[in-house]
1. Work out the FRET efficiency for L215 and E624 from their Cβ-Cβ distance, taking R0 = 35 Å, and round it to the nearest 0.05.
2. Using 7 Å Cα-to-Cβ label points, what is the M169/R571 separation (nm, one decimal)?
3. Probe 1.4 Å, all protein chains in place: accessible area of Y60 in Å², nearest 10?
4. Run through the stretch 348-401 and list the trypsin sites (Lys or Arg not before Pro) located in a DSSP loop whose Cβ has at most 12 other Cβ atoms within 10 Å.
5. Work out, step by step, the length gained on full extension between I354 and S641: first 0.36 nm times the residue separation, then minus their alpha carbon distance; give nm to one decimal.
6. Non-local amide H neighbours of V343 (under 5 Å, H modeled in plane, Pro and chain starts lacking H): which ones?
7. Taking loop as defined by DSSP and a crowding limit of 13 other beta carbons within 10 Å, which trypsin sites (Lys or Arg not before Pro) in the stretch 438-492 fit?
8. Contour minus end-to-end for A362 and T425, with contour as 0.36 nm per residue of separation and end-to-end as the Cα-Cα distance?
Amino acid sequence: MKNLEDTQFPAPRNANGAKNKNNDTDRDPKKFLGAIIAALLVGMLINTLFLSKGVENITYSEFLKLLENGEVVSAVIGETTINGDLKPLDVPTDKVATPQAENASAPSPETATKSKARRFTTHAVKDDTLVAKLTAKGVHVRGEVRNPMIDFLLAWILPGLLLYWIWTMASGRMLKGAGGLLSMTKSRAKVFIEKDVKTVFADVAGIDEAKEELLEVVSFLKDPKRYARLGGRAPKGVLLVGPPGTGKTLLARAVAGEAQVPFFSINGSEFVEMFVGLGAARVRDLFEQARSQAPCILFIDEIDALGKSRALGFAGGGANDEKEQTLNQLLAEMDGFDPSEGVIMLAATNRPEILDPALLRAGRFDRQVMLNNPDQMGRQQILNVHVKKIKLAPQVNLHNVASLTSGFSGADLANLVNEAALVATRRNAEAVTEADFSQAIERIIAGLEKKGKVMNPQEKTRVAFHELGHATVAMDLNCLDKVHKISIIPRGMGALGYTLQRPTEDRYLLDEDELMNKAAVLLGGRAAEKIFLGKVSTGAADDLAKATDLVRAMITQFGMSEKLGLAALERRSSAFLQSPFESPRSGLSEKTAGEIDVETKELLGQAFQVASQCLERNRAFIREAHDRLLSKETLTEDEISGLWKNHHN
């Protein structure tokens, strides 16, 4: 996609119309300075390696000794050094054969020599008699005064230029993404031209209510004068709220695609910087860019990183100042821009409870659009969108697939379709079948199948009774979530078996009896181990934790305890994100916490008793299903239903 900030202008052309490749290099001061420094360094290197080759570096004492022996021919006396020439040295060369006489039977060898020039250099020592000594020995003497400008250039100018060049090159590379050191305050938003935004409302499924809310925004961007005719105005901002994976970013892009306007996209964390004032400057620059491209859509994803409530405080004073300044600038900009300009601000978050109240007031974010996980019909619509990208077998019933994916978000369903295609590819199938979707669902929910993990017969027997305990209690209590599959094949990190249930319909409310039935189903595995094997194991750890959380929620959140009454004793800190480090007993007295523990224990005991009674009534079914499960390792819905009917007719 094309980014407006990265637009490049055409290079200059010469008289013939060809691009002038050298023009940019000649005008670039960094490259010109680098070329000068390189030339100087190369010159110094040549002088060191070649011009100084063959020069003997001797001490002053050796120089005086050579002078006494008459070896010095000439000398150049400088301020710090003495350079000169020595007498040539005769060096023997290769032997040649010369005949001694005409009748000689063999030539006699004769040694040849050649003269080798010698030069010397030594440090000058203060000696007032040196010139007299040199003159007495017939040495040609010459004085030399060094140009001070050369020393100044080598000592100060050249190192300074070299350091400046290194600094400019390093800073340019480090800040290349931000456009250089002086553009740190520029916004880093990605700008997409209307022709680059291919997403439209037809690509977004399962959130029809949210699309209807945003249709008015699209209408305003297409025809702003229509709303100004009667004095109305479009909303300044629309906040998209929902759990992760529900399509908030996709919906914002679809609005831009439908309206055919530029789309500015940036993440809230990109405004948070270490230096105070940078975030606020980027907010100003972002809104200036948006106004220059109006009508357009300005989208800030994860706005909770930028708009966190100032009442919550921050970890450090510097961070506090920076975040508050950035948020204050955002509030000022949202108050300052005129909605008639055609700039619509969209933002997305999954933590609306921590946003600053000033950001959520009318006049800034006029509308909040809630995006929840889709219902069964919505999941089927989302699957219809994603299966267009794969080769689907004609007999696949997406309604059945949607019924198995209760609680899946749009992102989860997209991943499911991809996983099903991969499963079909691994078995070299021509198309994706419904069985591939079932395997993909099991892999997402329970984890990867571990065929190499071998259990001993005792463990297999225990796992089979455990899983049949869950299934039997669910069928005996006629739960809404039908048993779809039972398996004793290990999966995931710790699951040695699993029981997969399929909801028959979407439920939004559950009464007290249905919650207790859920707890009984969770405890059915532990009850089956105790009844049929006489001893319990560690396999029910996860079931016990889930049952405890469910029963505690009945007591502390839903007011379903007669002893503790209707008080809401615990609250979720986040509607969509739950922290594993959150303390559930904050603000409770010791007495109340003790009563909650006692009531939780009593309700769990009641659920365990219900599960045990269900298993006692269906001993024959469990025995037969256990033997079949051990032999086949997996029982499908049809096989389970057939066995159940045989024992209840």
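1. For L215 and E624, the calculated efficiency is 0.05.
2. 6.0
3. 40
4. Answer by residue number: R361, K391.
5. Full extension of this stretch gives 98.5 nm more.
6. C296
7. K451, K453
8. 17.5 nm
The values are calculated or read from the model by the stated rules, or taken from the named source; none is laboratory data. Keep in mind that what you see is a predicted model, and the values were worked out from it rather than measured. Cβ coordinates were reconstructed from backbone atoms using ideal geometry, including for glycine residues, and neighbour counts include every protein chain displayed. Ligands, DNA and RNA are stripped out before the accessible areas are found, and what is left, the full protein with its side chains, is counted by its heavy atoms. Shrake-Rupley method; radii C 1.70, N 1.55, O 1.52, S 1.80 Å.
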